[in-house]
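Nothing in this text is a laboratory measurement; each read-out follows from the coordinates by a stated rule. Note that the structure is a prediction, hence the values are computed from the model and not measured. Positions of Cβ are generated from backbone atoms using ideal geometry, with glycine treated the same way; all protein chains shown enter the neighbour counts.
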2 protein chains.
Amino acid sequence: MKTPQASIITIGDELLIGQTIDTNSAFIAQELNRLGLWVRRRVAVGDDREEIISALREESKNSSLLILTGGLGPTADDITKPLLCDYFGGKLVRNQAVLEHIERLFEKVYKRPGALLERNQKQADVPDNCLVLHNPSGSAPGMLFDQKGIICISLPGVPREMKELMTTAVVPWIKENITRPFIVHRTLLTCGIGESMLAELLHEFERTLPAQISLAYLPNYGMVKLRLTGKSESRTGLKEQVDDLAQQLAVLTADYLVTDQDLSMEAIIGQLLLNKNWTVATAESCTGGLIAHQLSSIPGASAYFKGSVVCYDNEMKEDLLGVQKKTLQEHGAVSEQTVTEMVEGVRKRTNANVAVAVSGIMGPSGGTPDKPVGTVCVAVSNGDKTMATTLRLGFDRARNTQQTALFALNLLRKLIVSG
Amino acid sequence: MKTPQASIITIGDELLIGQTIDTNSAFIAQELNRLGLWVRRRVAVGDDREEIISALREESKNSSLLILTGGLGPTADDITKPLLCDYFGGKLVRNQAVLEHIERLFEKVYKRPGALLERNQKQADVPDNCLVLHNPSGSAPGMLFDQKGIICISLPGVPREMKELMTTAVVPWIKENITRPFIVHRTLLTCGIGESMLAELLHEFERTLPAQISLAYLPNYGMVKLRLTGKSESRTGLKEQVDDLAQQLAVLTADYLVTDQDLSMEAIIGQLLLNKNWTVATAESCTGGLIAHQLSSIPGASAYFKGSVVCYDNEMKEDLLGVQKKTLQEHGAVSEQTVTEMVEGVRKRTNANVAVAVSGIMGPSGGTPDKPVGTVCVAVSNGDKTMATTLRLGFDRARNTQQTALFALNLLRKLIVSG
C-alpha cells in the first residue's frame, strides 16, 4: 500500500511578515504522522485569492489530503471560506446550528450578550457542499470537502481551536475514512551530546536498520530526541521490532539517555519524584524563575513542587536563603560557594527533599575578565550530598538562560536517580 | 517599482513529522519585510532530492529571491549542498578558509581538539560557483548563488547560526545589491481587546487609509499588535505620514494601548520602572515563576527586578511571605484575601517599590464547584495602594498560565503608570 500523502496549507499575511510563528503546522503534522500519513509539503501563503488557489491546485497534484488553517476569522482580510466555496462549486448558506452556537459563545464565553455583529453572523454561513465540523470553543466552523479523490479540510488558525477540531473531528474522520499503513513510533530523549557525535555513535546501528524502520534525529533546546518509526502494511510483529530496536538504542546511548518514553525533561523529573514521594524546590538567580516555571508546568506538579526563591538581588540571597554576606563578598554571587549556600538554604527553608540552585551572568552585559558572560554556577542537593559545578556558556541571553535551566534540570534528574 | 518578491524554503523531515516548530521562517520573513521585500510563500519540504528541486523550480517562477534553511548539517540526511551545487551547475571544492574555521570551532568552542571526523571535514566543501557566507559560530557555511536573475541563498537550519548569518551577511548583501521600495513600519501593542472588536473599532480608520499604507492585526498571546506599513518609491513624507497615522491609532485605541513602540509588555514595564527608578518583585503560586522569568528576560533587568517568591506550597506562603494561616483556612489559597497578603508580604520582604502576586487553579484538576479550573486571583501593590481582582479563565493549563501572567503584568503596568 502506498502511504497516503498530505499537504498542510497555512493562510495569512501574518505568516509572511513574520510576526506569527506557525505552530499549527507542527501540531497537524504530528497528528497526521501518528496516523500513518506522510506530510509531503507545508506551504504558507498570504491572504491573497490567487496565491491560495494556486497552492490548492499545486498541492492537489501530489497529495490526496489537504489541511488548511487560517483565513476564517471575522476580520476583512479573511477570505478563505468564500474562496473554498467557489473552488469546490458550492454556495454559502446560513447554518442554523452554527448560528445558535455563535450566539451561545458570545453570551456565555465572551460575555457579550445581545445582537451579534453582522461580521460574526456571517461566520454561520457555510458552503452547502461540505461537511461542517463543529468548533466547540470558537465561532469559525471547520469544513471538510470530499471531491474528485481529494479531501480538503479547512480549520481556523487560532491554535487552540485548530487543536480541538483536529482532535475531536479530523482525526476520528480520517481513522474512519482513509486507508493507512500501520505505524509505530518510539522516542528516546538524550541530553549532553550533539547531533553529529550522536550520529557517529549510531552509525552502525542506523546502517543496519531494516527497510521498514527509520531513525530521525530531532535536536531541540540542547537535547536530541531520537525517533524510531516503523511502517508496515501488516501489524504483525511491528511493535515488537520497534521496541526491540528502541532497547538497543537505549543501551547504545545509555550515558546520555534521559528517558525512553516520549516525555519532556520536566515530566520525567516529575515521575521520578512521585515514585520516590519526594519534593523539590529551586533557588534561582540568573534563570529568574524559569526552572520553577518548567517544573510547575506539568499537571499535578503541586504534589512534588514546593516552590522557589528567585533571588536576583543579593539581599534576597542573604535574607531569604541565608547566604552569608562573607561568601558573597569573598567569592561573588556567581560562585560555587554561593550556589552551595543557596541550594542548602532553599532546601531547609522549604523542607524539600531535593533542591537545585543557579547563579550566573547571562549577558549581554555584566561580564568581567574573570567571569565572562556565560559563566554559570549550578548546585544540587539532597541533604546528604551537595554538588556544585561551573558552566562556561557563550550564547545570547535567551539561550544562556534556556541552557542553564536544562543543565540544572538534568543535574537534578541525575541526583534523584542516584539517591 | 514592483516590490521584489521572495520565497522561503525550509528543508528537513523534522518539519514534516512535526517535531520541530519552524521559527526560522518568521525571523527571515521579518528581516526581508523590514528591507521592503515581500515574502510571497513559505514552503517546507523533507530531506528529499526531488521535493527540494521541485520547490526550487516552482518558487523561481514568481520569486526573484529564494532563501533556504536546513539540510546542511553533518548527518546523513542532509543533502542540500550537493543538490544546490548540481542544480546551479557547479562542482564541490574544499575551501581552506572554511576548513580552518571548522578546526578552530572544534578546538575552541566544542572543546574537541584533534583530527576532524570525515563528516565534519566535508562541511568545508563548497560549490565553486557560489559566494561563501562565513558562519561565525557554526561549521556549515552559507552559500549565495546569483544566476539567471535568481538569487538563491542557503543557510544552516540551526536558528542561532541562521540568525547570525542573516544579520551579518545576508541583510547587508541585499541592501547593497537589490533595488527595493522605501518601507516604514510602526507597531502598537494592545491588551484586553479581541481582534474582532478591535477591527470594529478601527473600521472607519482602516477604510480611509491611503493606498500606500496598510494595517495588519497580529494577535499574539492574548494581545493584539497593530502594524502600520507604508511602502513607496519615494522616501519623501512617508515616515511622517505613517507616524501621523500611528498617533491617530494610539488615540483610537487609548483604552487598550500598552505601547506605541515595537516592544514587548515586559520591556515596557522595564522602561517604566527605570524611568521612575523603582524596583519590582513577584509572589507567584499558580504561574510557578513565569512572571519573574518574563520580567528578568529583559537585558539589564537586574537594575529593577528584585526577585520572586514562588510559593506553590501553602507553608511557603506563610513562612516566606507572612500570609496568615487563618486567611488560608477561611478564604483558601485562591482568594483575593490571600493574594493581598502575598503581595504585601513580598513587597516588604524584598523592599521593592511595586509587587504583583497571583494564586489560581490552572487545571486540568484541582477545581471545585465554587472555584472551578481557571479561577485566578491577582493583586498588585505599591505600598500606598493594594488592588486585588479575580479572573475566570477556562482554557488548558498552559494557556491559563500564559493568560494569568499577561493579565498580571498588564495590571502591574497600569499601577506603575498611575503611581
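Per the Kirkwood formula on distinct C-alpha pairs, the Rh of the stretch A:265-418 is how many angstrom? All intermediate terms of the calculation are to be shown ahead of the outcome.
Numbers: mean 1/r = 0.0663 Å⁻¹.
After inverting the pairwise mean of 1/r, the radius is 15.1 Å.
Tally Lys/Arg at +1 and Asp/Glu at -1 over every other residue whose Cβ is under 15 Å from the Cβ of B:Y304; what's the total?
Values: positive: B:K276, B:K306, B:R347, B:R413; negative: A:D313, A:E315, B:E266.
My count for the surroundings of B:Y304 gives +1.
State, as an integer percentage, the relative contact order of the stretch A:213-351 based on alpha-carbon contacts under 8 Å between residues 6 or more apart.
Reported as a whole number, the value is 15 percent.
If a helix is a whole DSSP H run, which ones in chain A reach 30 Å or further along their own axis (Cα) and hold a mean Kyte-Doolittle hydropathy of at least 0.0? Mind dumping the intermediate values first?
On the way: long enough: A:397-418 (32 Å, 0.10).
Span-like helices here: A:397-418.
Report the full-extension gain for the segment B:H203 to B:E100: residue separation times 0.36 nm, less the Cα-Cα distance, to one decimal in nm.
31.2 nm
At 7 Å along the Cα-to-beta-carbon direction for both A:L274 and B:S60, put a label point, then send me their distance in nm to one decimal.
5.5 nm
Label position 7 Å from Cα toward Cβ: report the copy-to-copy distances for B:E206 in nm, one decimal, ordered from shortest.
Result for B:E206, in nm, nearest copy first: 4.8.
Give the average, rounded to an integer, of partner chain Cβ atoms located within 10 angstrom of each Cβ in B:194-200.
5
I'd like the antiparallel share, as a percent to the nearest 5, of DSSP beta bridges with both residues in chain B.
60 percent
Quote the relative contact order of the stretch B:5-177 in percent (integer), defining contacts as alpha-carbon pairs under 8 Å separated by 6+ residues.
Relative contact order of the stretch B:5-177: 23 percent.
Please report Rg over Rh for the stretch A:186-242, where both radii come from the alpha carbon positions and Rh follows the Kirkwood definition. All intermediate terms of the calculation are to be shown ahead of the outcome.
Details: Rg = 12.5 Å, Rh = 12.3 Å.
Rg/Rh: 1.02.
Sticking with the crude label model, points 7 Å out along Cα→Cβ, report the distance from A:E195 to A:R49 in nm, one decimal please.
4.2 nm
For chains B and A related by rotation, which residue of B has the Cβ nearest the axis, and what is the rounded distance in Å?
Looking at chain B's Cβ atoms against the axis toward A, the nearest is B:G289, 1.
Using helices alone, what [θ] at 222 nm do you get for chain A, with -39,500 (n - 2.57) per DSSP H run of 4 or more residues, divided over all residues and rounded to the nearest 500? Don't jump to the answer; show the numbers that get you there.
On the way: 17 runs with 162 residues, N = 419.
Roughly -11000 deg cm²/dmol at 222 nm, from the helical runs in chain A.
So what are the three principal axis dimensions of the stretch A:5-177 from its Cα atoms, in whole Å, longest to shortest?
Each principal axis gives a Cα extent; for the stretch A:5-177 these are 47, 35, 32 Å.
Report the calculated FRET efficiency for A:E315 and B:A115 (r = Cβ-Cβ distance, R0 = 41 Å), to the nearest 0.05. Walk me through the intermediate numbers first.
On the way: r = 52 Å, r/R0 = 1.26.
For R0 = 41 Å, the calculated efficiency reads 0.20.
By the gyration tensor of its Cα atoms, with a ≥ b ≥ c the square roots of the eigenvalues, what is the shape of the protein assembly as shown: rounded for a/c under 1.5, prolate for a/b over b/c, or oblate?
Note, shape of the protein assembly as shown comes out rounded.
Grab the beta carbon distance between A:T167 and A:E233, set R0 = 35 Å, and tell me the FRET efficiency rounded to 0.05.
Taking R0 as 35 Å, the efficiency between A:T167 and A:E233 is 0.85.
B:P172 label points, 7 Å along Cα→Cβ, one per copy: pairwise distances from this copy to the rest in nm, shortest first?
Nearest to farthest, the other copies are at 5.8 nm.
So which residue, out of B:G288, B:G114, B:G230, gets the largest mean-square fluctuation from a GNM of chain B using Cα contacts under 10 Å as springs?
Of the options given, B:G114 has the highest mean-square fluctuation.
Within 10 Å of each Cβ of A:40-52, how many other protein chain Cβ atoms are there on average?
5
Averaged across A:295-303, how many Cβ atoms of other chains sit within 10 Å of each residue's Cβ atom?
Values: counts 4, 12, 8, 2, 8, 4, 4, 10, 0.
The shielding value for this peptide is 6.
Quick one: label points 7 angstrom along Cα→Cβ at B:E100, distances to the other copies in nm, smallest first?
Here B:E100 shows inter-copy label distances of 7.8 nm.
For chain B, modelled as a GNM with alpha-carbon contacts under 10 angstrom, which of B:L273, B:L215, B:L92 fluctuates the most?
Maximum among the listed residues: B:L92.
Under 10 Å, Cα contacts only: if you run a Gaussian network model on chain B, which one of B:G89, B:G289, B:G142 comes out with the highest mean-square fluctuation?
Result for chain B, Cα springs under 10 Å: B:G89 fluctuates most.
Just the Cα atoms of chain B: what Rg and Dmax do they give in Å?
Rg then Dmax for chain B, in Å: 26.3, 79.
Among B:D313, A:D86, B:D260, A:D128, what is the fewest-to-most ranking by other Cβ atoms within 10 Å?
Arranged by neighbour count, lowest to highest, B:D313, A:D86, B:D260, A:D128 become A:D128, A:D86, B:D260, B:D313.
Suppose the chain between A:S214 and A:I79 were pulled fully straight at 0.36 nm per residue; how much longer would it get relative to their current alpha carbon spacing?
Fully extending the segment from A:S214 to A:I79 adds 44.6 nm.
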